[in-house]
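The values are calculated or read from the model by the stated rules, or taken from the named source; none is laboratory data. For clarity, every value in this text was computed on a predicted model and none was experimentally measured. We place every Cβ from the backbone using ideal geometry, glycine too, and count neighbours over all the protein chains shown. Remember, those area values only see protein heavy atoms, side chains included, never the ligands or the DNA or RNA. Shrake-Rupley method; radii C 1.70, N 1.55, O 1.52, S 1.80 Å.
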Amino acid sequence: MKKTTKTILSVTGAIAGAAAAAGSFELWSRSKFGRSGVATAMEGALRATGFRNVVLGQDLGRYDDFIEKSRVANEQEYHIPSWLRLRSLVFDETSHGMKVYHVGTTGKNEHAVLYLHGGGYVSQITPAHWRFVDKLCQETGAEIVVPIYPLAPEHDYDESYTQLTTVYENLCKRYGADAITLMGDSAGGGLALGLAESLPQYNLEQPANLVLISPELDLSMRNPKIRDYFDADPVLAPWGMAQMGDLWADGDEIENFRLSPINGDVSALRNVLLLAGTREIYYPDCAELAQKLITAGVRSDMVIGQSMNHDWPLLPIPEARKARRRIVECVLRKVN
């Protein structure tokens with residue numbers, strides 16, 4: 001009995017110590033950054049992945065290896081990882097050589113989301129994207145359409161725009177534009193905005209909502225304010241993102257609005273929800289876009305993630321839940 005009691009006391013003491021340490025870390029994180037301890041730990045984890053070292057431009061061989069591995073991976077047929085458990089029903093189809101996933105299709109959905117994943121235009125969709133899509137589907141009851149669009153370096157933006165325009169047009173025929181939200185994160189956010197800006201050329205209606213999560217808006221990465229966010233961002237760096245942008249452009253002018261949608265005409269857009277964190281290099285361009293939308297008289301809202309990192313609504317942190325609620329409200333918004 002005494003031995004058992006000592007063991008219980010030892011375990012209890014260890015748990016209490018861990019809880020005290022966690023509590024202290026939480027208080028420190030709130031005091032220093034104004035964010036949860038989990039969010040601060042996540043930033044450390046993101047930095048530890050080493051991806052930022054790939055895009056810093058200090059090791060060209062490492063960057064070249066990354067691009068080559070991406071090229072090989074992108075040319076293989078994509079499949080959702082077998083170990084990834086999603087609650088929503090998922091099926092796929094192939095349209096004009098592009099695989100398109102449909103998540104949560106019931107035949108009675110009242111809303112649809114066309115979701116364009118991020119990845120610097122060179123990296124394939126990740127489990128984090130799928131978890132976000134699954135949660136969004138469960139919380140909205142919407143059908144989420146996820147195209148596995150062509151990526152650099154083997155493919156370019158023009159090819160993807162052609163295929164994505166067709167996907168959007170077909171979705172409009174099924175639901176009507178008033179029931180559709182066009183959404184994307186990071187590079188996919190820039191692609192979503194560029195796609196929306198290009199719709200008038202095809203006499204296609206704007207989607208009811210446009211949701212942009214940490215969008216990449218200017219592939220030149222020349223905004224001088226970026227330097228103020230350079231050290232804080234644990235994932236991205238201007239040199240590498242501009243290099244990937246050049247691959248996506250395939251020799252065309254980076255200023256083209258379909259490549260750098262910050263340069264496009266936003267006047268036709270309807271409802272825009274923009275989310276960006278203050279610890280990511282895309283924040284200055286996002287702030288400029290928010291002002292541009294206001295000037296153009298577009299109904300819009302910018303959610304600023306104080307001390308949040310790139311793509312924070314997709315991360316497993318408490319702050320992501322609040323951001324996702326805003327996104328859900330946007331998807332379910334009734335359009336007059």
Size of charge dipole - the chain - debye, nearest 20, with Cβ of Lys, Arg +1 and Asp, Glu -1, no other charges: 2300 debye
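In nm², what is the average projected area of the convex hull enclosing the Cα atoms of region 191-336? Display every interim value, and only then the final one.
Working: hull surface 36.5 nm².
Average of the hull's projected areas for region 191-336 equals 9.1 nm².
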message: Given Cβ point charges of +1 (Lys, Arg) and -1 (Asp, Glu) and nothing else, what value in debye, to the nearest 20, does the dipole of region 143-281 about its Cα centre take?
response: 440 debye
- line: Taking region 67-139, the whole-percent share of alpha-carbon pairs separated by over 20 angstrom is 35 percent
field: Pairwise centroid distance, computed over Cα atoms, of region 248-319 with region 227-246, Å
entry: 15 Å
Per residue Cα convex hull volume in Å³ - calculated over the chain: 170 Å³
message: Accessible area of region 159-299 with a 1.4 Å probe: how many percent of it is carbon plus sulfur?
response: 46 percent
Options GLY120, ASN109, VAL146, ranked by Cα towards positive dipole end of region 97-234, top entry (Cβ charges): ASN109
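For TYR202, TYR121, TYR175, write out the residues from largest to smallest accessible area, computed with a 1.4 angstrom probe and no ligands counted.
Solvent-accessible surface, decreasing: TYR202, TYR175, TYR121.
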Length gained when the stretch SER82-ARG333 is fully extended (0.36 nm per residue, less Cα-Cα span): 87.0 nm
query: Principal axis lengths of region 24-120 from Cα atoms, whole Å, largest first?
result: 49, 40, 24
- request: With unit charges on the beta carbon (Lys/Arg positive, Asp/Glu negative), name the residue among SER198, VAL303, TYR78 whose Cα is farthest towards the positive pole of the charge dipole of the chain.
  value: VAL303
message: With only alpha-carbon pairs counted, each pair once and no self-pairs, how large is the Kirkwood hydrodynamic radius of region 42-179 in angstroms?
response: 16.6 Å
Residues of region 48-137: accessible area per residue with a 1.4 Å probe, Å²: 53 Å²
- prompt: Per-residue accessible area for GLU253 at 1.4 Å probe radius, Å² rounded to 10?
  reply: 130 Å²
- line: Rounded to the nearest 10 Å², the 1.4 Å probe accessible area of PHE230 is 70 Å²
message: Keeping every protein chain present and rolling a 1.4 Å probe, give me the accessible area per residue for region 178-269 in Å².
response: 34 Å²
- line: In whole µm²/s, the translational diffusion coefficient that Stokes-Einstein assigns to region 153-206, given a Kirkwood hydrodynamic radius over C-alpha pairs, 25 °C and 0.890 mPa s, equals 211 µm²/s
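Run lengths n ≥ 4 of DSSP H only: what is the helix-derived mean residue ellipticity at 222 nm for the chain, with -39500 (n - 2.57) per run over all residues, to the nearest 500?
-14500 deg cm²/dmol
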field: Residue-wise HN-Hα coupling along region 88-102, computed from phi with Karplus coefficients 6.51, -1.76, 1.60 (Hz; x: Gly, Pro)
entry: 8, 5, 10, 9, 10, 9, 10, 10, 6, x, 10, 6, 10, 8, 10
message: If amide hydrogens are placed 1.01 Å from N in the peptide plane, which non-local residues have theirs closer than 5 Å to the one on SER300?
response: VAL272
- request: Using a 1.4 Å probe and ignoring any ligands, DNA or RNA, find the accessible area of ILE327 and quote it in Å² to the nearest 10.
  value: 0 Å²
task: Give the angle, between 0 and 90 degrees and rounded to the nearest 10, that separates the Cα long axis of helix 2-33 from the longest principal axis of the Cα atoms of the chain.
output: 40 degrees
Taking the C-alpha atoms of region 229-279, convex hull volume expressed per residue in Å³: 106 Å³
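How compact is region 172-272 by the rule of thumb for globular proteins, expressed as Cα Rg over 2.2 N^0.38 Å?
1.16
With +1 on the Cβ of every Lys and Arg and -1 on the Cβ of every Asp and Glu, and nothing else charged, how large is the dipole of region 154-198 about its Cα centre, in debye rounded to the nearest 20? List each step's numbers first, then the result.
Details: 2 positive and 8 negative charges, 65 e Å.
Dipole about the Cα centre, nearest 20: 320 debye.
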- request: Mind running the shape call on region 239-310? Use the C-alpha gyration tensor, a ≥ b ≥ c as the square roots of the eigenvalues: rounded below 1.5 for a/c, prolate if a/b tops b/c, oblate otherwise.
  value: oblate
